[in-house]
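Below: one structure, written as structure tokens.
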Amino acid sequence: MYVWVAPRPPFGYAETNARRIKEKILQKNEMTAFLIRIHRETGRRGAEKDWALDASCQIEGQRNWLSKMMGDA
């Protein structure tokens, strides 16, 4: 039995940096499990439970990194 695997994902690797994942979530206007708030004076976006969003982004980044390493092995 032979299994062919592409050397790289067709649409590139998923983001592994938690900070960039968080920025992308805050910039998108789609449904998430986190309540997004906008600061009235600065206009910056943030999450009501910022610690939960940070933890989620770190977990997602770790998961993406592991899948990237498994594909390179």
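Table for the structure above
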| read-out | value |
| --- | --- |
| Cβ-Cβ under 8 Å pairs, at least 6 apart or on other chains, segment 44-73 side under 12 Å from residue 17 (Cβ atoms) and among the small types (Gly, Ala, Ser), far side assigned to a helix (DSSP H, G or I) and open to solvent by 50 Å² or more (accessible area, probe 1.4 Å) | none |
| Residue that is most open to solvent (accessible area, probe 1.4 Å), among those in segment 26-51 that are among the hydrophobic types (A, V, I, L, M, F, W, C) and at pLDDT below 85 | 31 |
| Options 32, 16; residue that is in contact (Cβ under 8 Å) with a residue 12 or more places away in the chain, outside any helix (DSSP H, G or I) and not aromatic (Phe, Trp, Tyr) | 16 |
| Segment 6-65, residues that are out of contact with any Leu (no Cβ under 7 Å at 6 or more places or on another chain) and basic (Lys, Arg) | 8, 19, 20, 24, 28, 37, 40, 44, 49, 63 |
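The values are calculated or read from the model by the stated rules, or taken from the named source; none is laboratory data. Keep in mind the model is a prediction, meaning the values are calculated, not measured. Neighbour counts are summed over all protein chains in view; Cβ atoms, including those assigned to glycine, are modelled from backbone coordinates with ideal geometry. Surface areas here come from the heavy atoms of the whole protein model, side chains and all, with no ligands, DNA or RNA. Shrake-Rupley method; radii C 1.70, N 1.55, O 1.52, S 1.80 Å.
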